[in-house]
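Here's the structure we're looking at; comments come further down.
Every number in this text was worked out from the coordinates using simple rules, so none of it is lab data. Predicted model only: the values in this text are computed from it and were never measured. Virtual Cβ from ideal backbone geometry, glycine too; neighbours counted across all protein chains shown.
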Protein chains: 4
Amino acid sequence: MSDLRIAVLGVGLMGADHVARITSRISGARVAVVNDYLAEKAEQVAAGIPGCQAISDPLDAIADPDVDAVLLATPGPTHEKQLLTCLEHRKPVLCEKPLTTDVDTSLEVVRREAELGTRLIQVGFMRRFDDEYAGLKALVDGGELGSPLVLHCVHRNPAVPDHFDSVMTVRDSLVHEVDVTRFLFDEEITSIQIVTPTPNPAAREGLFDPQIAIMRTASGKHVDVELFVTTGVAYEVRTELVAEKGSAMIGLDVGLVRKSAPGTWGGTITPSFKERFGRAYDTEIQRWVDAVRRGAGTGNHVDGPSAWDGYAATAVCEAGVQALTSGQPVAVHMVDRASIPGA
Amino acid sequence: MSDLRIAVLGVGLMGADHVARITSRISGARVAVVNDYLAEKAEQVAAGIPGCQAISDPLDAIADPDVDAVLLATPGPTHEKQLLTCLEHRKPVLCEKPLTTDVDTSLEVVRREAELGTRLIQVGFMRRFDDEYAGLKALVDGGELGSPLVLHCVHRNPAVPDHFDSVMTVRDSLVHEVDVTRFLFDEEITSIQIVTPTPNPAAREGLFDPQIAIMRTASGKHVDVELFVTTGVAYEVRTELVAEKGSAMIGLDVGLVRKSAPGTWGGTITPSFKERFGRAYDTEIQRWVDAVRRGAGTGNHVDGPSAWDGYAATAVCEAGVQALTSGQPVAVHMVDRASIPGA
Amino acid sequence: MSDLRIAVLGVGLMGADHVARITSRISGARVAVVNDYLAEKAEQVAAGIPGCQAISDPLDAIADPDVDAVLLATPGPTHEKQLLTCLEHRKPVLCEKPLTTDVDTSLEVVRREAELGTRLIQVGFMRRFDDEYAGLKALVDGGELGSPLVLHCVHRNPAVPDHFDSVMTVRDSLVHEVDVTRFLFDEEITSIQIVTPTPNPAAREGLFDPQIAIMRTASGKHVDVELFVTTGVAYEVRTELVAEKGSAMIGLDVGLVRKSAPGTWGGTITPSFKERFGRAYDTEIQRWVDAVRRGAGTGNHVDGPSAWDGYAATAVCEAGVQALTSGQPVAVHMVDRASIPGA
Amino acid sequence: MSDLRIAVLGVGLMGADHVARITSRISGARVAVVNDYLAEKAEQVAAGIPGCQAISDPLDAIADPDVDAVLLATPGPTHEKQLLTCLEHRKPVLCEKPLTTDVDTSLEVVRREAELGTRLIQVGFMRRFDDEYAGLKALVDGGELGSPLVLHCVHRNPAVPDHFDSVMTVRDSLVHEVDVTRFLFDEEITSIQIVTPTPNPAAREGLFDPQIAIMRTASGKHVDVELFVTTGVAYEVRTELVAEKGSAMIGLDVGLVRKSAPGTWGGTITPSFKERFGRAYDTEIQRWVDAVRRGAGTGNHVDGPSAWDGYAATAVCEAGVQALTSGQPVAVHMVDRASIPGA
């Protein structure tokens, strides 16, 4: 099957990141079209990618026959029109949050997609793809912890830009915890309260920070979220799920930690090298592929352990096998590396 | 640039895993040829990959003009000949460890590659690509801990196959720590001693397990390695580096933990969402690409949050913005999902 | 100075524990009088302690001239009268919480003590004496974290007795977090809200469990407390303080963990053996003292490492000193223990 | 029973610490006699303790009829004579390590005590009384981990005095791990090897530091110990026991961490408030006793939460009970503290 041809709309910070991702780390896809309200920027990005063109009108980019699917990284207010155009052309679209900026237009988009009878729109709540969140969801769904009851969330940023205001805390930060809640609890949120304590002295005048959001779901589950965007420390995202038979926390920098009867806490050790080093293998192969593709020009087709490294390991192991029977220190014999120019 | 065409030699457990990796997760490469000493197996694998053929002779596979690079996942004793053939045809090759099974043939391979004046051989010590090992190496190279002095390693498997013997502990398990030592210390190992305590009652008769390897490097650094392959617990790989100004440990299931003056322990929090969720983005996009490529057949181009999920988030945030000023609980208004067939 | 003579009023679970504590682990005090509304129980306890008498009327016990100080472990409703009697007789008193069962009588007790011009009443909020809480308080007072802003508390019990109701969650569990808040923030609480999510299926009919308390202090700081008394897991008490320049958490089973700029997390390693093993020394000496006091009757004045243990250590170290120069394994020479009857 | 009268011989750093401990934290004992080779120092210490005298000759101090038991904190070379004098007078003695400075005199002491048929000598290996070591021993003895096989120990000091030499690493540091090994394994050590890697640049010229001790026990168990006394970091003592069915580590600043089948890691949560806050209660009562004993002179008999603290807690809980039914924020009503002078 040939590669999926994607149009990326919006090549600001997030969009440019997606362009790089699709080009260098995603299998089976390529960026065929880019668009940005700054036409020059789009041209620049397109120039760096073989077979990619810049199209100056976003709706034209969507409609282009050489585009199989669309990735929206444009500002929220433009989403409605772009999404409806995608639906019209039956183009699958991955839309960075928010879907649209208000509830009526969001609902309209939902209705229009539903009428088509085919699912075309995915929203970019990427936490669902994070190993820890996925693990927490699996733990909940596995039933080991019984009914979920309460969710405690923490969302902290070291700093925010000057234009960031109290409403953005809700729309841009809380929105992730809203999706996490719905993802983990599989039900809708029915009410929300926001507590605004005395602000952090470091927060800009007028910015309520921290804020505490208190939500309740359809079945009466409780969620609280600390939103704190001027901590000066780091990016911290933490979620603790409290359930009938135990609790589990992610985001503690120590993987998923579970507490359960009869009074134990802890995590899971990787059962085999596949879980432990699976990603290392991916990285190894991707970097080797990249090195080989560059190799013709450089005379170096390697980005990792060399033949010499393999020789040295063999030499040590050979001495080790002798040491196994002698019990005494055994000297390792190797030739002098300098005696082999180029090794 | 067109995709790199790889020949995978050996499609047993490890080779098949690499085939799947290159086909579905690696950007810029595809499996063009497979080979196995079981010809039928190779045929089977090739049949599942568009544009891939099985070639029954491994040396022919290497030489094939449609092959740009070779991945060796064949048994160790066949490596020498296959590597030399790669060199002869100037084909870059990623060789699963060991390079070869004895020190003389390993050295011969090193010499032959060196004579070519171009680096073509990479050895599959994949730990160097693991985030924790890479982080430990960066910490050492950054100089913050001063001179490295001692390395404590633990390598534990829950179980091994029946044919696993004491020599394999050295050749197949210790070999990884040999490379880790050389990678972290950037110098050669000069002597090795192996202590064999009273064996684990669960170990097969005749298997020395655990074993303790004690190594010394050229400049006099000390390394000890516990090798224990019948623990019954899990796969545990741990490395502690002790240096002039502090120590650091990886493999504790809690990321890299550093101890340094003036008497503190701890790790690093991710500075931004890019470090924290970068992989989640990769996964999100890869799964979306896969879903869209499958979509024509299924009428579903989504593998993640749907338009409804976007609508729900918008509705909650809208209530949240009201709650921000009222301080009281605010009800969330949403239409009934069932009222929109297909949503 | 002679030992402080204490009257313990109430020798139920908590009172009996205090009697044992004062008798066997506290220096400079002894239980001189015990009282309980079950006179027989008091007699029984008194019989086990040299020089201790049971007095059947609690107010007589307080007034007794052989009593220097009083420890109240009686039911809450009796506290008011007993405290006022202590004040009348100028007897220092340690009163288990609550001070009294309602706010008017509590205030009356405060007024009466204040009129005396001497501090006689201490309340049993023992968390202030816990190393972790004390450490958190010291961290706050040290100023390193800047202004405290938010407190997140978790208070979980595995189970409660059948008579435990929703009000007891507030009066008996939340009361500790109330004191922790006032201790850490050094200011009064001005409002409180309690959220009652859908109850845990395991909770008794009619018991709101979990409950979420949301409090605000005089200066506008936010506190939330999860109170959950039917977890089935264990006793979990956790407090996270979020401040201007970082946050710190206790109760994670890993000591105090601090997060602060520039993006690090971690704790403190004990600077010397005194901090690390100070308590072990206390335990060692107390157990040795106890063994020696029992020794006349048993012929054994030891509760710990024996002379043989000392000999064995010396023998190994002597071999170790030889090994230091030889670099080779050195055999340890010791006589056969059986050759010394009684060793 | 009257208090045990102890003679403390040697009131240097360690001895003075023991004097303070017995005087202020140990129940049922008092320091009756002190001795030091610096007579003036002993006089000074004695002057600060009611009913304590200084005796200038250590053997006289032991023999004194007002002494029930002896604590030796004198230099090692004086131990032999002092221990034999204790035996002669049938005085129980707690002897700081080493028992004596060489193996022959140690054995002589063992023989002489054995001949008496009563156990009088305890050696000060205090780690056996540390909660973590005691917990590890209990875990081993409980059999859950199966046969112990290997012990990995780390013993690190931030710095040592100038006169500290390579032999002291063995005699003063390793000696603790020697006892830990014998305590945990319940068997003797039969051989020892010491590896001396390239020294830490920060170590004094001529000091082998770090050192690695490799020991083997009677039944063939393996022990390795990293001894590193110039780390510049902190005091770190860590022990990992590897056994047939799992492993457990202490000294990681996170309590005892256990790994066992089927692939889990973790610890134990305190089952009730007694385990969690038992020590806080001890501290609370000891500090209250101390405050009351000081109280007559100061007019303050309190060292902890006051009556006001009790009142405030009651006031908040009363509001909390209202909030429980209303679900809304409820204001807390309290009188102004300043309206009650002295409160």
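Here are a few things to note about the model shown:
- Nearest 10 degrees, 0 to 90: helix D:103-116 Cα axis against chain D principal axis: 70
- Averaged over A:91-99, number of beta-carbon atoms from partner chains that fall within 10 Å: 6
- Ratio Rg/Rh [Cα only; Rh per Kirkwood] for the range B:273-339: 1.15
- Angle in degrees between helix C:13-24 and the longest Cα principal axis of chain C, rounded to the nearest 10: 40
- Other residues lying with their Cβ under 14 Å from the Cβ of B:Thr85 contribute a combined charge of -3, Lys and Arg counting +1, Asp and Glu -1.
- Calculated [θ] (222 nm, deg cm²/dmol) that DSSP helices of n ≥ 4 give over chain A, each run adding -39,500 (n - 2.57): -11000 deg cm²/dmol
- Karplus (6.51, -1.76, 1.60) ³J(HN,Hα), θ = phi - 60°, over the range A:68-84, in Hz, Gly and Pro reported as x: 8, 7, 10, 10, 8, 10, 8, x, x, x, 8, 4, 3, 4, 5, 5, 5
- Size of chain C as Cα extents on the principal axes (Å, biggest first): 76, 60, 46
- Other residues with beta-carbon under 13 Å from the beta-carbon of D:Arg204 carry, at +1 per Lys or Arg and -1 per Asp or Glu, a net charge of -4.
- Taking Cα atoms only, the orientation of helix C:175-185 departs from the longest principal axis of chain C by about 80 degrees.
- Summed residue charge, Cβ within 13 Å of A:Asp336's Cβ, Lys/Arg positive, Asp/Glu negative: +1
- Of the beta bridges in chain B, as assigned by DSSP with both residues counted there, near 55 percent are antiparallel.
- Value of Rg/Rh across the range C:4-124 [Cα atoms, Kirkwood radius]: 0.95
- Across A:Lys137/A:Lys245; A:Lys221/A:Lys245; B:Lys137/B:Lys245; A:Lys97/A:Lys221, pairs whose alpha-carbon gap is larger than 18 Å: A:Lys97/A:Lys221
- The protein assembly as shown: C-alpha gyration tensor shape, a/c 1.5 cut-off, then a/b vs b/c: oblate
- Positive-pole candidate from A:Val242, A:Thr198, A:Ser219, dipole of the range A:107-244, charges at beta carbon: A:Ser219
- Within 10 Å of each Cβ in D:10-17, the average number of Cβ atoms from other chains: 1
- Among D:Gly304, D:Gly124, D:Gly51, residue whose mean-square fluctuation peaks in a GNM of chain D (springs only between Cα atoms under 10 Å): D:Gly304
- A Gaussian network model of chain C, with springs between Cα atoms under 10 Å, assigns the largest mean-square fluctuation among C:Val33, C:Val229, C:Val160 to C:Val160.
- The range C:70-134 shape via C-alpha gyration tensor axes, a/c threshold 1.5: prolate
- Amide H contacts of A:Glu187 (H built 1.01 Å from N, in plane; Pro and chain starts excluded): no residue 5 or more places away or on another chain comes under 5 Å.
- Cα gyration tensor category, rounded, prolate or oblate, for the range C:128-266 with a/c compared to 1.5: prolate
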